[in-house]
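Please read the structure below before turning to the comments.
Readers should treat all values here as calculations from the given coordinates under stated rules, not as data from a laboratory. Everything numeric in this text was worked out from a predicted model, so none of it was measured. Cβ atoms come from the backbone with ideal geometry, glycine included; neighbour counts cover every protein chain shown.
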Ligand code: CS2
Ligand code: MG
């Protein structure tokens, strides 16, 4: 069996999805997602210029060897661009394997460990009142877990994950329009003084059962993160996400010495070599990599297994930038993984998105049910894709009030 050709498509409804389709001499094809939010053309070029020509003629069933070929063969390896490109190929090869076996991928991993995967939604509010309305909106739909982000009084611009407009309570996503980044202004003091009590009010309002998550988006120093974690302890958070920029991994020790708040990190990681110390030293409770940025199913599964040895659970990144293809790959891992924790999931299910990526995966009462179709269980409609193309966009950047660059 041989890979005969592969194509890359960039575009989608309101998103620059980077979709790979690998064809074989037996008519079976596989799909992969290489969408690197905010830098989408780069994994697309990596695939088209370097990787696709190299894999043509290879046996697609040898997904492990092909992964090693891509990774070791690159010499200058790792990094989100390369790993997203490797990841797309890897997903497509697993998709082919599942179709050949006539089995959904979770069966190839070891079958189902649970009937469905708990997901969390993004609640948002320009202020705390607004946020309460947003949380209620998700609770009413049966969600068991909600990430909560709200505007901070006196903050010069809305914080991470927060709309400036009151009433914008449904899945607020930062506006990435334009190639030149917008500037947001951050004030740590105001955040630290306001947010712990706001979180407590949320707990009081919604009672003990709701799983409450909060994302700091890398904006605190190690000492501030330790102080914040200590202050939010009575809230009983499901997790505190990205309290510090995670390059300085020893910094997490300070947080651990002061608090037992569960910590989730890893959405910007792209290899096991960024996760292993945090996992092995029990500095985190949830690992947040994604199959897209972390080199596909083959590599992400390795991270999941390492995490399992140390009682670290999964909480795969599921920002809307991930296409339904990588979300499907994660859905298969989620029902299988013995150490599954939770899945971030923003409903992408607009009619346009469903038309581009038809599938039988579905969400009900805050639980994600995986399709039993062979492989990933997602289709890609090329006729639909023809109407989309790349649209330039960028994340905002963040500065302090005096102009100092900060972490987005
Ligand atoms: C976020 C992301 O989902 C999350 O937890 O931190 O939305 C992140 O901001 C984006 O993926 C950036 O592209
Ligand atoms: Mg995050």
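Per-structure values
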item	result
If the convex hull is drawn through the Cα atoms of region 3-104, its volume per residue in Å³	97 Å³
Taking N as its residue count, the alpha carbon Rg of region 64-165 over 2.2 N^0.38 Å	1.65
Alpha-carbon centroid distance for the pair region 250-269 / region 297-346, whole angstrom	19 Å
Semi-axis lengths (Å, descending) of the ellipsoid that matches the C-alpha gyration tensor of the chain	35, 22, 21
Relative exposure of 317, 310, judged by other C-beta atoms within 10 Å (fewest first)	310, 317
Top of 289, 347, 148 by mean-square fluctuation, Gaussian network on the chain, Cα under 10 Å	347
Cα long-axis angle, helix 80-101 against the chain (0 to 90 degrees, to the nearest 10)	50 degrees
Estimated 222 nm signal from helices in the chain, with DSSP H stretches of n ≥ 4 weighted -39500 (n - 2.57), rounded to 500	-10500 deg cm²/dmol
Extended-chain gain in nm, criterion 0.36 nm per residue less alpha-carbon gap, residue 62 and residue 273	73.6 nm
C-alpha long axis of helix 63-74 to longest principal axis of the chain, angle in °	70 degrees
Contact order relative to length of the chain, as percent, for alpha carbon pairs under 8 angstrom and 6 or more apart	21 percent
Relative contact order of region 302-408, pairs being alpha-carbon contacts under 8 Å that are 6 or more residues apart, as %	21 percent
Max mean-square fluctuation residue, GNM over the chain, Cα-Cα springs under 10 Å, options 290, 371, 326	371
Length added when fully stretched, residue 101-residue 379, from 0.36 nm per residue minus Cα-Cα	98.3 nm
Label-to-label distance, nm, for residues given as residue 247 and residue 168 (7 Å Cα→Cβ offset)	3.0 nm
Using alpha-carbon coordinates, inclination of helix 188-206 to the longest axis of the chain, degrees	80 degrees
Residue 204-residue 114 pseudo-label distance in nm [points 7 Å out on the Cα-to-Cβ vector]	3.1 nm
Sorted by Cβ neighbour density within 10 Å, fewest at the top, the residues 40, 382	382, 40
Highest-MSF residue in the chain out of 186, 94, 273 [GNM, Cα springs under 10 Å]	273
Which of 219, 399 has the fewest Cβ neighbours within 10 Å, and the rest in rising order	399, 219
Relative contact order (percent, whole number), region 59-162, Cα cutoff 8 Å, 6+ residue spacing	19 percent
